[in-house]
Amino acid sequence: MSKIEESVEVAVPVRTAYDQWTQFEEFPQFMDAVQRIEQRTPTLTHWEAKVDGVAREFDAEITEQIPDERVAWTTVAGDVRQAGVVTFHRLDDTHTKVMLQLDHDPEGIADTVGDKLGIVRRQAKGDLKNFKEFIESRGTATGAWRGTA
């Protein structure tokens, strides 16, 4: 199992960063491998992704959601086995540190080799960089879900 930790500082308030992260169906705009996400219930999402040309589908269950603080999840079905948490840390009124912690369990030889080559780690780092560019260019979130799970 791989343990990945990456973070990025974004020039938006913590509420803006958190609110944008709750808009799962918008993830394809800043996550390169994600093709589509469907939010099926307040806590269940269905993902379609393509990593290095390999299509993957899976369901993820949100296990914890605390507004302006954290969103945690685990996969519950499909081609990917992972669990993670994204936390939001207020640096000042207009800056936030977004931290991703991800446990990824590669499945099969191709996933294991890709994991050893750091593909998932590079993808996570690139996605956070893209999130920074996305949210800073907008300055506001595309929506918000302020409930808790």
Checklist entry - Out of (1) of a type in the set (Lys, Arg); (2) under 29 Å from residue 137 (Cβ atoms); (3) touching a residue at least 60 places away in the same chain (Cβ under 8 Å), the odd one out for residue 3 is which? => result (2)
Checklist outcome for this item: Among (1) surrounded by 19 or more Cβ atoms within 10 Å (Cβ to Cβ); (2) under 30 Å from residue 91 (Cβ atoms), residue 28 falls short only on (1)
Next on the checklist: Quick check on this structure: which one of 14, 34, 8 is more than 18 Å from residue 102 (Cα to Cα) and not hydroxyl-bearing (Ser, Thr, Tyr)?
Outcome noted: 14
Item to check | Residues being assigned to a loop (DSSP other than H, G, I, E, B), modelled with pLDDT of 90 or more and exposed (fewer than 13 other Cβ atoms within 10 Å of the Cβ) - total across the range 110-142 | outcome: 2
Checklist outcome for this item: Checking 48, 9 in turn, the sole residue that is charged (D, E, K, R), assigned to a strand (DSSP E or B), open to solvent by 60 Å² or more (accessible area, probe 1.4 Å) and touching a Lys or Arg at 6+ places or on another chain (Cβ under 6 Å) turns out to be 9
Checklist entry - Does the range 71-88 contain any residue that is at pLDDT 95 or above and open to solvent by 70 Å² or more (accessible area, probe 1.4 Å)? => result yes
Checklist outcome for this item: With the first residue restricted to the range 59-79 and required to be closer than 22 Å to residue 10 by Cα and touching a residue at least 60 places away in the same chain (Cβ under 8 Å), and the second required to be open to solvent by 50 Å² or more (accessible area, probe 1.4 Å) and of a type in the set (Val, Ile, Thr), Cβ contacts under 8 Å at 6 or more apart or on different chains are 65/148; 66/148; 67/148
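The values are calculated or read from the model by the stated rules, or taken from the named source; none is laboratory data. No experiment lies behind these values; they were computed from the predicted model shown. For neighbour counting, all protein chains shown are included, and Cβ atoms are generated from backbone atoms with ideal geometry for every residue, glycine included. The protein model used for the area step is the full one, side chains on, heavy atoms only, and it has no ligands, DNA or RNA in it. Shrake-Rupley method; radii C 1.70, N 1.55, O 1.52, S 1.80 Å.
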